[in-house]
1. Sort through 747, 762 and tell me the only one that's closer than 23 Å to residue 921 by Cβ, assigned by TED's automatic domain parsing to the domain that holds residue 842 and assigned to a loop (DSSP other than H, G, I, E, B).
2. From the list 715, 676, 668, exactly one residue is in the same structural domain as residue 545 (by TED's automatic domain parsing), part of a loop (DSSP other than H, G, I, E, B) and among the aliphatic types (A, V, I, L, M). Which is it?
3. Would you confirm whether any residue within the range 518-529 is surrounded by fewer than 18 Cβ atoms within 10 Å (Cβ to Cβ), of a type outside the set (Ser, Thr, Tyr) and touching a Lys or Arg at 6+ places or on another chain (Cβ under 9 Å)?
4. Any idea how many residues of the range 679-701 are surrounded by fewer than 21 Cβ atoms within 10 Å (Cβ to Cβ) and not in a loop (DSSP other than H, G, I, E, B)?
5. Six or more apart or on different chains, Cβ under 7 Å: which pairs go from a residue in the range 680-701 that's within 18 Å of residue 720 (Cα to Cα) to one that's part of a strand (DSSP E or B) and charged (D, E, K, R)? Could you list them?
6. Does at least one position in the range 189-206 carry a residue that is surrounded by fewer than 21 Cβ atoms within 10 Å (Cβ to Cβ) and touching a Pro at 6+ places or on another chain (Cβ under 8 Å)?
7. For the range 776-810, give me each residue that is modelled with pLDDT of 95 or more, closer than 30 Å to residue 476 by Cβ and part of a loop (DSSP other than H, G, I, E, B).
8. Can we say residue 201 is outside any loop (DSSP other than H, G, I, E, B) and either closer than 30 Å to residue 341 by Cβ or in contact (Cβ under 8 Å) with a residue 12 or more places away in the chain (or both)?
Amino acid sequence: MAAPQNGGDAVARSGRWWLAALIVAGAAVSVRPAVLPDAQTRLLREAASALARGDLPTAARCAQEVLDSCPDHPAALVLAGEAAAKSGRDADAVALFLRVSPDSPAEYFQAQFNAGARLIVLSRATEAETCLRRALELDPRHEQANLKLAILLQMQGRTWEAMPHGRNLIQGGRCGRDELLMVGGIDGLMIDEPQFIEQCLQAVPEDPIVLLGRGRLALLRRDDAVLAESIFRRILDVHPHQIEAIARLGEVLLEKPDPEPFLQWNAAMAPRAETHPRTWYARGQWAKRNGQPRAAVRCFIEALRLHPNHASSNFQVSQVLIGLGMPEAAAPFVERARLLAKLEYLLSQLHNLPDLELMRQVAEVTEQLGCEWESLGWCHAALSLDARTPWALEKLGRSHLELVRSGDFTRAAAQPALAFDLAAFPLPSWPEAGGSRREAHAKGAVEGDIRLIDLAAEAGIDFQYFNGTTKTSGPDHIIQANGSGIAVLDYDSDGWPDLYFIQGGLWNQRGDANPHRDRIFRNLGNGRFDDVTAPARLGDGEYGQGVASGDFNNDGFPDLFVCNIGKNRLYENMGDGTFREVTDAAGVAGDGRWSTSAAIADLNQDGMPEIFVVHYVSLEEALARECGQKGHAMGCAPTLFSSDQSRMYQNLGDGRFRDVTAECGVQVPEGKGLSVVAADFFNSGKIHLFVGNDTTPNFFFFNETAGPGQPLRMVERGIELGCGVNETGQAQASMGIAAGDVTGDGLLDLYVGTFYHDSNTLFQQMPENTFVDESRAAHLREPTFNMLTFGAQFLDADLDGWLDILQANGHVDRSYDPAVPDLMPPQFFRNLGHGKFKELSGRSLGAYFQNQYLGRTIAVLDWDRDGKEDAAITHLDAPAALLTNRTPNTGHYLAVRLHGRVSSRDAVGAILKLTAGGRTWTRQMIGGNGYFATNERKIVFGLGQAQRAERLEIQWPSGRRQTLSDLPADQELTVIE
């Protein structure tokens with residue numbers, strides 16, 4: 001639910017502490033005059049003494065007497081400058097400092113250092129930088145000079161240039177949290193200090209260098225790429241060799257439809273700009289997108305030789321190498337990308353609080369990365385909090401002497417890029433100017449003919465989720481933010497899909513005392529639903545989250561697994577319109593933790609479905625902590641809590657399950673799971689699990705079970721397969737998940753909803769069984785960036801054969817920021833073909849899309865059985881919606897239900913291929929439909945204008961194949977294995 005605070009490009013944070021450090025003007029070295037005439041010596045000593053006791057007029061007078069007789073006397077100039085500075089006459093002080101000649105190294109150093117400090121106070125940034133760099137030429141390790149220059153550069157967004165100075169500080173023994181975050185951040189720590197920037201622009205309006213950070217923020221927040229480009233170009237007009245501006249301009253130009261500006265940027269590259277890793281990263285991305293994978297590897301490796309911890313390049317080179325069929329070469333980069341994603345997450349937590357356990361983990365990860373100086377720095381930071389911290393003392397004693405002898409900030413042996421043989425990896429082949437152009441994509445939502453109308457009230461669905469708060473008070477605890485799950489199931493086997501809604505309530509009234517209960521609505525088949533909770537013997541009173549529906553005992557009647565904060569529930573469908581709770585007898589109650597979503601699917605191919613339950617964060621920690629803002633209670637960020645282990649229950653075939661979490665391979669740390677999908681992703685006959693994690697890398701549990709009925713064996717491979725993090729190597733706040741083939745290549749793709757100011761991610765599957773973040777190419781990055789998406793599903797709303805996207809948006813809590821919305825509109829993206837999307841306007845979609853909500857779960861169904869898929873949606877602040885597809889002009893369809901016999905009854909993992917009208921579509925029966933949801937167990941093929949299907953091939957999970965031919969369109973089939 002919350003994006004990492006130290007992720008991706010950079011972190012903007014207040015610079016007040018840093019600004020205070022910048023304006024301290026204390027002397028850098030003591031003034032020790034050389035052998036001078038007695039009168040001068042006496043006057044200089046008197047001036048120094050007066051300065052020490054604060055007698056500024058006397059100090060100024062004595063220094064001036066020396067200057068009257070010797071105008072260029074270096075010590076007198078320094079003393080006069082210090083007296084002027086302490087008197088508030090900064091401009092006079094700078095003029096005096098700059099008169100000191102470099103022929104007097106000690107005084108020259110002090111004068112340049114002090115001039116730099118006073119020029120910062122005067123908001124003359126470029127001059128200040130020049131002076132501080134001159135000082136560091138004489139004393140490269142000087143603490144205060146390194147500190148001031150590092151902060152000055154960070155406030156300008158020049159984090160790469162600031163990083164060496166941060167390292168000097170750490171190697172010099174200054175190991176505070178701010179210094180460590182300065183060098184440990186994935187792309188450095190950027191300080192957002194708008195007042196200083198404005199003062200600089202007023203002081204020197206012709207110098208725009210200080211605007212660089214604003215350009216980076218415009219890129220980071222996707223607010224305005226046009227603004228970012230104009231800022232970078234304006235800077236380069238004045239500073240043509242400014243490497244940060246050159247590198248960032250390349251990133252902007254890379255995303256333009258017209259490739260010519262990027263090619264011109266590359267051709268005009270200043271040699272010094274090739275010392276910036278992002279220059280090489282942009283080149284690598286261009287090569288990757290233009291069919292030069294080996295050149296892409298070369299560019300990413302060049303970036304890593306400059307910056308071994310550049311997360312984006314580590315992740316990208318691993319993916320390109322895997323695509324080239326070189327998994328062994330990719331392995332060290334996969335591992336490094338995993339460690340960097342973990343480091344990013346840990347550092348984001350340390351921004352919030354100085355926690356010793358977090359520091360221990362950061363020290364451990366940085367040591368694994370070969371960053372020994374950083375590791376020892378975190379030991380020192382820990383000891384500053386508690387001088388008896390045992391792990392810090394032990395590590396310092398073990399590593400310090402060896403580290404001092406080596407001097408390397410990152411051990412060469414820990415950098416796989418240094419050992420990588422580039423002989424077979426040439427530089428990119430750049431085309432001539434005026435080459436091919438990419439197709440432009442117009443921004444903004446457009447009108448369309450798809451109509452989705454909320455008919456919940458008319459149909460008798462009157463469910464309102466209650467999380468224990470009111471609209472005016474809003475959530476005051478993290479447990480109240482997630483919302484309500486939905487399961488679609490035909491519980492009475494009449495062919496009409498019914499709806500089960502999860503309820504919350506007051507935390508202290510859960511159980512029998514809770515008046516707010518889960519509810520099930522029976523579809524009467526006449527346009528109406530009826531609440532049958534009581535006669536169905538349902539209505540759980542625990543504090544609910546998600547729900548999974550599946551036939552766990554293969555008796556032909558779908559059962560329910562309810563995920564709660566506390567004890568979970570398993571309800572067996574008795575086949576007579578009633579359910580009975582069998583939780584304890586089945587052994588799946590859990591141990592009172594925080595369950596979110598679940599998937600019911602046969603993972604070991606024995607025909608009996610397992611239950612995989614996703615867990616979130618430590619419930620004990622969450623209940624013990626309270627957070628607030630502006631005097632109001634509000635939910636804490638998940639980064640403040642440790643993750644909780646998800647559970648795997650193996651079906652024993654007799655109504656009981658066995659917890660095999662510890663032995664089956666799903667016991668993996670740092671998973672804060674919110675959603676899950678179970679599917680045969682690679683047409684292998686085995687079902688794998690994709691888990692959406694909140695602020696930590698997503699999991700992909702690859703099924704390596706030896707054979708039917710053999711011990712379950714899963715291996716986590718999310719980052720390796722390309723779906724653990726986004727394109728930049730950044731973990732996201734993953735919530736909603738949609739799974740389906742959006743490109744028409746027969747392969748399952750994944751669409752993941754994420755946090756505000758972090759675009760949703762489309763992971764497109766490649767033929768080599770990996771995933772690539774294609775959000776930009778699919779035109780989904782910009783329109784989703786300023787949304788927070790909980791629920792997301794694919795459905796073919798117009799039956800043209802291409803899966804569209806429906807998503808429910810809304811913030812987790814009140815933001816107390818007028819620039820950040822709480823309520824948000826839902827969004828619909830029409831698939832224009834081959835995975836290229838366009839947002840449709842709310843005005844054309846219907847009244848529901850013209851309002852704003854705290855949207856949460858989406859489940860897809862065809863409740864009126866007209867062949868056009870509909871959707872049920874829950875909210876924190878409004879009754880549940882039943883979006884009914886009233887699109888007037890649609891294609892034809894064929895709907896298919898499956899009943900397994902050798903396979904599990906639900907046939908999760910069955911792959912269907914339909915050929916009609918010269919096209920072939922691939923769909924799959926998917927289990928665990930993302931965020932808190934179970935979709936209807938029916939596959940709807942949109943046929944476009946085709947009125948018949950020539951062929952339907954079904955590959956059952958058991959391995960059996962079945963073919964049906966010459967099928968008329970616009971009907972619903974039930975196929976029995």
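The values are calculated or read from the model by the stated rules, or taken from the named source; none is laboratory data. Fair warning: this is a prediction, and the values are worked out from it, not measured in the lab. So basically every Cβ, Gly included, is an ideal-geometry build from the backbone, and we count neighbours across all protein chains shown.
1. 747
2. One residue alone meets the criteria, 668.
3. Within the range 518-529, one or more residues are surrounded by fewer than 18 Cβ atoms within 10 Å (Cβ to Cβ), of a type outside the set (Ser, Thr, Tyr) and touching a Lys or Arg at 6+ places or on another chain (Cβ under 9 Å).
4. Adding up the residues that qualify gives 0.
5. As it stands, the answer is 699/716; 700/716; 701/716, since those pairs meet every condition given.
6. Yes - at least one qualifying residue is present in the range 189-206.
7. 787, 788, 810 - these are the residues of the range 776-810 that are modelled with pLDDT of 95 or more, closer than 30 Å to residue 476 by Cβ and part of a loop (DSSP other than H, G, I, E, B).
8. No.
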